[in-house]
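This report concerns only the one structure given below.
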Amino acid sequence: MSAIISQCSLDVLQKAAENLKSGGLVVFPTETVYGIGADAENFDAISRMYAVKNRPADHPVIVHIAELDDVDYWAVDVPEYAISLMRDYWPGPMTLLLKRSSHAKDFVTGNQEIVGLRMPAHTVALNLLKEFRKVGGHGVAAPSANRYGAVSPTTAEAARSELQEFLHPSDQILDGGPSLVGVESTIIDCTNENPSILRPGAVTAEMVEVSTGIIVVEPEDTKVRVSGSHKQHYSPSAKVVIGDSAKAGEGLIAPSAVETPEGVVRLAAPKSIEEYARVLYAALRDADLRDISVVNVVLPSGEGLAVAIRDRITRAAAQS
Ligand code: TXA
Ligand code: MG
């Protein structure tokens, strides 16, 4: 069983980077959710990471990088507007889909000509990636550290409870505290003339337009496959129902203005949209820990981060 390492000193991060370089798996915190990392150039390590997640092998995975210089290692024909986004929002909760270079192999891109790149903002993640560079690595492939289709973990403990029985004793789990954003990065397709958002997140369409000066358009076609875009995803064991008609014994996640009916278990009462994103996944997990079988979730209104929250809740509630 892999232990959780909570004091992520430079020494710990150096060892974790060496572990990654020799084919090990490292679960690490990011500002969005926890990821399970493998060397993005090591086929065997990535195959094992997929097995640990129980994820279909042909799904693409985001490559996490430490420096802007690494973009040219992984991608070619990077448009001007993508560079502007990198300058404005990296490190941060944003993944850019770009035309791949020869270094981005099929086992990372899911056989597509596109690679997903992200520079995370969490100190532990960023320093781990910097140390990984020092031992000759170029990027860490990391999906969210949950079993396929389940709720993404926003704490080290949640990641451990998802994956521990499938990890090797030499794999590591780094604890960097609760993720501050709480929902996965915005995925922006930068392979066309205009950017389009394939998964909403904390970097909003308005922010993209402000940075690039060009209009965000709807995704063109289905050429890009995004696993979180399947109708059902991010689901706890409990049945998720959208609305505020919770009955006694059921759970309720809703903005603080919504009152808790008699006998209903209040799982979260966020006071702002940022708090809603931060606590949503932990509250869904909490429902399972408390053996609650039905969770009622009230959708937040508004734009910005509310779009991402509605997207995740709607998918958690979808019947597969
Ligand atoms: O916030 C995040 O993005 C977190 C943290 C750990 O960085 N990662 C994450 O990874 O959410 P994952 O694998 O759970 O979701 C990434 C999504 C998947 O739906 C995948 O299909 C899509 O990004 N993706 C990654 N690379 C892609 C590519 N080359 N082409 C199309 N979609 C890609
Ligand atoms: Mg995921």
Revision key, fill the gap. The answer for the net charge of residues other than Lys15 whose Cβ lies under 12 angstrom from its Cβ, with Lys and Arg +1 and Asp and Glu -1, is -2
Check your understanding: How do Glu31, Glu262 rank by accessible surface area computed with a 1.4 Å probe, from largest to smallest?
Key -> Glu262, Glu31
Check your understanding: Taking the Cα atoms of the range 63-103 alone, what are Rg (to one decimal) and Dmax (as a whole number) in Å?
Key -> 9.6, 27
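Could you pull out the pairs from Lys15/Lys130; Lys21/Lys53; Lys15/Lys99; Lys21/Lys130 whose alpha carbons sit more than 24 Å apart here? Don't jump to the answer; show the numbers that get you there.
Details: Lys15/Lys130 12 Å; Lys21/Lys53 20 Å; Lys15/Lys99 32 Å; Lys21/Lys130 13 Å.
Over 24 Å Cα-Cα: Lys15/Lys99.
Note the full-extension length gain between Thr260 and Gln319 as 0.36 nm times their separation in residues minus their Cα-Cα distance, in nm to one decimal.
Gain on stretching Thr260 to Gln319: 18.7 nm.
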Point to revise | Area of Lys99 that stays accessible when all protein chains are in place (1.4 Å probe, Å², to 10) | key: 100
Practice item. Provide the solvent-accessible area of Glu162, counting protein heavy atoms only and rolling a 1.4 Å probe, rounded to the nearest 10 Å². Key: 30
Check your understanding: Which value in Å is the Kirkwood Rh of the chain over different Cα pairs?
Key -> 19.8
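Compute the length gained on full extension between Glu274 and His59: take 0.36 nm times their separation in residues and subtract their Cα-Cα distance, giving the result in nm to one decimal.
Numbers: separation 215, 0.36 × 215 = 77.40 nm, distance 2.94 nm.
Between Glu274 and His59, full extension yields 74.5 nm more.
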Point to revise | Rounded FRET efficiency, nearest 0.05, which uses the C-beta distance separating Val241 from Leu289 and R0 of 22 Å | key: 0.70
Review point. So how exposed is Lys21, as accessible area in Å² (1.4 Å probe, rounded to 10)?
Key: 80
Exercise for review: Could you run the Karplus curve 6.51 cos²θ - 1.76 cosθ + 1.60 with θ = phi - 60° over the range 253-262 and give me ³J(HN,Hα) per residue in whole Hz, x for Gly and Pro?
Suggested key: 10, 7, x, 4, 5, 7, 7, 8, x, 3
Practice item. Sort Met207, Met94 by accessible area with a 1.4 Å probe, largest first. Key: Met207, Met94
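Could you order Asp72, Asp58 so the one with the most accessible surface comes first? Probe is 1.4 Å. Provide the component values of the computation, followed by the final result.
Details: Asp72 115, Asp58 75 Å².
Order by accessible area, largest first: Asp72, Asp58.
The values are calculated or read from the model by the stated rules, or taken from the named source; none is laboratory data. Quantities reported herein were computed from a predicted structural model and do not represent experimental measurements. Cβ: placed from backbone, ideal geometry, glycine included. Neighbour counts: every protein chain shown. Only protein heavy atoms, including side chains, enter the accessible area calculation; ligands, DNA and RNA are left aside. Shrake-Rupley method; radii C 1.70, N 1.55, O 1.52, S 1.80 Å.
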